[in-house]
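All remarks here apply to the structure that follows.
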Amino acid sequence: MSIILGIESSCDDTSAAIIRDGVLLSNVIASQSVHEAYGGVVPELASRAHQQNIVPVVSEAINRAGISKTDISAIAFTAGPGLIGSLLVGTQFAKGLSTALGIPLVCVNHLHGHVLAHFIKEDPSTEVPEFPYMCLLVSGGNSQIIIVDDYNRMRILGQTIDDAAGEAFDKCAKVMGLPYPGGPHIDRLAAEGDPLRFRFSKPHIPGFDYSFSGLKTSFLYTLRDAIAVEPDFIEKNKADLAASLQKTIIDILLDKLAKAVDAHPEIRQLAIGGGVSANSGVRAAVADFCAARGLRAFIPKRVFTTDNAAMVAIAGWFKYNDRQFCELDVAPFARVEV
Ligand code: KG4
């Protein structure tokens, strides 16, 4: 039997989770509200909040799991990518606890965590993807199409050359005066709006890569010109703007996904992951896309789409099973690909 403690601190959520032989026993997430007033995550404030949260969050995860800390077999932590000050808090805590308990440390790539979130079992009967499968990873920092050959082997087919899909949601939401992070607000407003009311530019990038910076500019200029004529344009049209923006982002995501699926007929399963996979429109569109093409869809529970330690623990468990441990001189990294 192996029990893994997962620790996630890459951005503005402090999270700890316990899994036993791949089955989730607890997943505690402390989100930081301190950033709301600033319209985005303030790295220095994030690090300080992690520092305050990490001990109570880990204790709570251990208590909820009904285990003792001496039962833990290994500690898996997010080593990157993310905010370096935030990552340092989780990394140092993991090193300290592993030394005190005399157990191995496992470094986890945050993006692998998002991709492998489908393997989190809340009970032993949870159905999981079979290899190889394709994953659309859409978060605040990344937009990638990946083929997952094995737990620890992944190939990137395409990725964004500028902004991520989450940034497109958040930056356009900011233009509309919505709070940070704007993605969930756009999602909520879009449910009431007409997705065909406004048209925004879509990129023409070869291959399977994405681009979202042109959409952001097109959205900004549309609003700027409209406000010049009608000052309360945003307020009067916010649901239609949100729905049209969301539809454009989904169209861009699915257009490349269709090309990738066509180029890889051997792949019969499609998963989504990352914060943007919490979006109602994205979830429905991917489910329809898979149904139309006879693909099996894996859509994660919302709690496992945004940052959480359950995904770190499960990704860590697969590395633990391969005896892929790291040394105490390991340092976190801000940037990396899958
Ligand atoms: O995966 P995540 O928590 O952090 C990263 O690893 O980057 O993703 C955060 C992103 C933010 O851009 C946020 O606006 C977006 O996920 N997001 C959403 C929704 N929920 C979170 N975007 C659209 N609709 C949502 N419901």
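The values are calculated or read from the model by the stated rules, or taken from the named source; none is laboratory data. All values derive from a computational prediction rather than experimental measurement. All Cβ positions, glycine included, derive from the backbone under ideal geometry; neighbour counts span all protein chains shown. Side chains are part of the model used for accessible areas, which takes the heavy atoms of the whole protein and leaves out ligands, DNA and RNA. Shrake-Rupley method; radii C 1.70, N 1.55, O 1.52, S 1.80 Å.
Among all positions in the range 26-48, there is no residue which is within 20 Å of W317 (Cα to Cα), among the charged types (D, E, K, R) and surrounded by fewer than 16 Cβ atoms within 10 Å (Cβ to Cβ). Hey, V57 hits all of (1) within 16 Å of the ligand (Cβ to nearest atom); (2) β-branched (V, I, T); (3) crowded, with 19+ Cβ neighbours inside 10 Å but one; which does it fall short on? Single failed check for V57: (1).
Yes/no matrix, rows are residues, columns are (1) within 11 Å of the ligand (Cβ to nearest atom); (2) part of a strand (DSSP E or B); (3) in contact with a Cys (Cβ under 7 Å, 6 or more places away or on another chain); (4) free of Cβ contacts under 8 Å to residues at least 60 places away in the same chain:
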{"site": "I75", "(1), (2), (3), (4)": "no, yes, no, no"}
{"site": "L87", "(1), (2), (3), (4)": "no, no, no, no"}
{"site": "V115", "(1), (2), (3), (4)": "no, no, yes, no"}
{"site": "F131", "(1), (2), (3), (4)": "no, no, no, yes"}
{"site": "L136", "(1), (2), (3), (4)": "no, yes, no, no"}
{"site": "M154", "(1), (2), (3), (4)": "no, yes, no, no"}
{"site": "L157", "(1), (2), (3), (4)": "no, yes, no, no"}
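Of all residues in the range 138-150, none satisfies being touching a residue at least 60 places away in the same chain (Cβ under 8 Å), closer than 27 Å to C290 by Cα and surrounded by fewer than 18 Cβ atoms within 10 Å (Cβ to Cβ).
All of (1) part of a helix (DSSP H, G or I); (2) crowded, with 22+ Cβ neighbours inside 10 Å hold for V108 with one exception: (1). Out of the residues in the range 173-187 meeting the condition of being closer than 17 Å to T217 by Cβ and away from the ligand (no atom under 11 Å from the Cβ), tell me which one is surrounded by the fewest Cβ atoms within 10 Å (Cβ to Cβ). The qualifying residue surrounded by the fewest Cβ atoms within 10 Å (Cβ to Cβ) is V175. Just to be sure, is F208 in contact (Cβ under 8 Å) with a residue 24 or more places away in the chain, aromatic (F, W, Y), outside any helix (DSSP H, G or I) and closer than 29 Å to Q324 by Cβ? Against the criterion (in contact (Cβ under 8 Å) with a residue 24 or more places away in the chain, aromatic (F, W, Y), outside any helix (DSSP H, G or I) and closer than 29 Å to Q324 by Cβ), F208 qualifies. Of the helices (runs of 4 or more DSSP H) lying entirely inside the range 226-338, the ones with 2 or more residues being under 30 Å from S98 (Cβ atoms), touching a strand residue (DSSP E or B) at 6+ places or on another chain (Cβ under 9 Å) and open to solvent by 20 Å² or more (accessible area, probe 1.4 Å) are found at 309-321.
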